[in-house]
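Novice: Can you keep this structure in mind? I'll have questions shortly.
The values are calculated or read from the model by the stated rules, or taken from the named source; none is laboratory data. Please read these numbers as outputs of a predicted model, since none were measured by experiment. Cβ atoms come from the backbone with ideal geometry, glycine included; neighbour counts cover every protein chain shown. Only protein heavy atoms, including side chains, enter the accessible area calculation; ligands, DNA and RNA are left aside. Shrake-Rupley method; radii C 1.70, N 1.55, O 1.52, S 1.80 Å.
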Amino acid sequence: MSAADVPADVPVDGAAAVPAARARATNTQWISWVALAMMTTSSVASLRAAPTMAVYGLACVFLYLLPAVVFLLPTSLVSAELASGWTGGIYKWVSEGISKPMGFLAVWCQFAMTIFYYPSLLGFVASTLAYVINPALASSGVWTAAVIIVVYWSGVWVSSRGTKGVAGLASGGLIIGTLIPGVVLVTLGVVFLGQGNESAAPMTADNLLPAWAGLSSLVLIVNNFLSYSGMEMNAVHVSSLKNPGKQFPKSMFLAMGMVLAIFILPALAISWIVPAEELSLTAGVMQAFDAVFANFGWQWLTPIVGIMLVTASLGGMLTWLAGPSKGLLLISRQEGYLPPFLQRLNKNGVQQNILVVQGIVTTVIGLAYALIPDVSSAYWIFSVITTQVYLIMYLLMFVAAIKLRRKQPDHPRGFRAPMLVSMCGVGFAASLAALLVGFIPPSQFSSGSPLVYFLIVGGGALGLGLFVPFLFYRFRKPSWKQAESTEVAS
């Protein structure tokens, strides 16, 4: 997921979108479809989700491919058509296709998902740091909560100062914290098997599909929807291609291949090395590195890899921290969706009040790690809530795409998605199914109360994703509009 393009959620004249975008590309330089594929891969792929799927062993291939076909592909092609015809991001697309209130809901969900995204991301950071300091801390809820709170507020301080170069740190994280560790893990995993060691997970044809244990056995697929989310942001670059109609699909298929390789191969490598019953959803990557390095007598490398993974995650957090909230701020200043307190900027032009309020909520969520006995359970619950909120936005996007194709068929578009209605239908159905399935506890939670799980996930997803924006919209006042102050410092 990329935050660099989130501030693009600013309404502008849609009719001039394509000519303006094409003119900009002509004045600078076209980008190749391969370069766009690399950009997409860097913003979507991560090793963080690998332990979640490694528990399924060889079946993780199926569990990654299915969401790629029914979600990643429709999302990529549909958002490309919208981005090539209407600048302004998700707010512009949904407000023109459906209505302005629904546009606000969409951009709110794009922002709100980050409230639960940060605790889950920083939960991974905490478990990774534990392997650098003391591996026993990886299962400590108090340690995890402390890292989440301290690192998040440090990020707010950095972002509020308008620090430059954060995006560069996040981009470099692809190589430092994803590609290099991923290649090392997979390579050593292959050598591990080549030395005659038996795989911890069976690698036979009988294990290609996950064991069926009712609906709960499919719940982990929901987490893969979040792994693939963010394609609607990268679609803004479609107008920089010389021949979008032919090059963008090629770019997306190449990106899909690279993303799948980054997701699947490390997950398989982890399943070879770490038994599923011993795997932590937060510390699984470091467990695998620690085990494989121990096999070669290279355990001194474990802390180094941990620091590389942490660096990449922190760069990604800093990039995401200001992006979605800035998009929400700009829309709210023009339309009056948020109270003036949340619209205030500091001397560096940063929406500090939004970040602080978000930080208070993040702190409360982070403390839940100290209260929930199993850190992996807390990590999974927050990941599901994050996905649920984001899926609401995708449901709106697919509906808006169909309506815009029907209401404005002659509107200039740099790219037209093939079989748009079918694509939207598949994407909408998959997103709705994933949203509903997310309320069912996965098989790992069979010992817990399904009702408690449902209330936590339902309260977090529906409360934050629907109820809170409804309150803002219901009690908005004309005086909240600040249309004359739409420009803020980047």
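Novice: Across the range 390-399, in residue order, what do the Karplus-derived ³J(HN,Hα) couplings come to in whole Hz, using 6.51 cos²θ - 1.76 cosθ + 1.60 with θ = phi - 60° and x for Gly and Pro?
Specialist: With the stated coefficients, the range 390-399 comes to 5, 5, 4, 4, 5, 4, 5, 5, 5, 5 Hz.
Novice: Turning to a different aspect of this structure: Largest first and in whole Å, what are the equivalent-ellipsoid semi-axes of the range 47-163 based on the Cα gyration tensor, each being the root of 5 times an eigenvalue?
Specialist: Details: eigenvalues 227, 115, 24 Å².
Semi-axes (√(5λ), whole Å): 34, 24, 11.
Novice: Under a 5 Å amide H to amide H cut-off, with H placed in plane at 1.01 Å, what residues pair with Gly336 once short-range neighbours are removed?
Specialist: Here Gln482 satisfy the definition.
Novice: Put +1 on the Cβ of every Lys and Arg and -1 on every Asp and Glu Cβ in the range 399-478; which of Gly414, Ala461, Ile440 then has its Cα farthest towards the positive end of the dipole?
Specialist: Gly414
Novice: How large a share of the accessible area of the range 31-475, in percent, is made up of carbon and sulfur atoms when the probe is 1.4 Å and the other protein chains stay in place? Mind showing how you got there, number by number?
Specialist: Numbers: 11310 of 16110 Å².
Roughly 70 percent of what the probe reaches on the range 31-475 is carbon or sulfur.
Novice: A further question on this structure: What net charge do the residues around Val468 carry, taking every other residue with its C-beta under 14 Å from that of Val468, with Lys and Arg at +1 and Asp and Glu at -1?
Specialist: Values: positive: Arg474, Arg476; negative: none.
Once all neighbours under 14 Å are counted, the net charge is +2.
Novice: Accessible area, 1.4 Å probe, largest first: how do Met256, Met102 sort? Working shown, then result.
Specialist: Details: Met256 25, Met102 65 Å².
My answer, sorted largest first, is Met102, Met256.
Novice: So, one more: Return the FRET efficiency for the residue pair Leu436, Met102: r is the Cβ-Cβ distance, R0 is 35 Å, and the value is rounded to the nearest 0.05. The partial results should precede the final answer.
Specialist: Numbers: r = 20 Å, r/R0 = 0.58.
That pair, Leu436 with Met102, gives E of 0.95.
Novice: Kirkwood hydrodynamic radius of the range 31-475 from all distinct Cα pairs, in Å? Walk me through the numbers on the way to the answer.
Specialist: On the way: mean 1/r = 0.0449 Å⁻¹.
Taking the inverse mean of 1/r over all distinct Cα pairs, the range 31-475 comes out at 22.3 Å.
Novice: Not counting ligands, DNA or RNA, and with a 1.4 Å probe, what is Leu279's accessible surface area in Å² rounded to the nearest 10?
Specialist: 20
Novice: In Å², what does the accessible area per residue of the range 31-475 work out to with a 1.4 Å probe?
Specialist: 36
Novice: Rounding to the nearest 20 debye, state how big the charge dipole of the range 31-475 is about its Cα centre with +1 on each Lys and Arg Cβ and -1 on each Asp and Glu Cβ.
Specialist: Details: 19 positive and 11 negative charges, 374 e Å.
Roughly 1800 debye, rounded to the nearest 20.
Novice: Sticking with this one: Residues of the range 177-202 with amide nitrogen under 19 Å from the 7 Å Cα-to-Cβ point of Trp298?
Specialist: 177-198, by backbone N distance to the label point.
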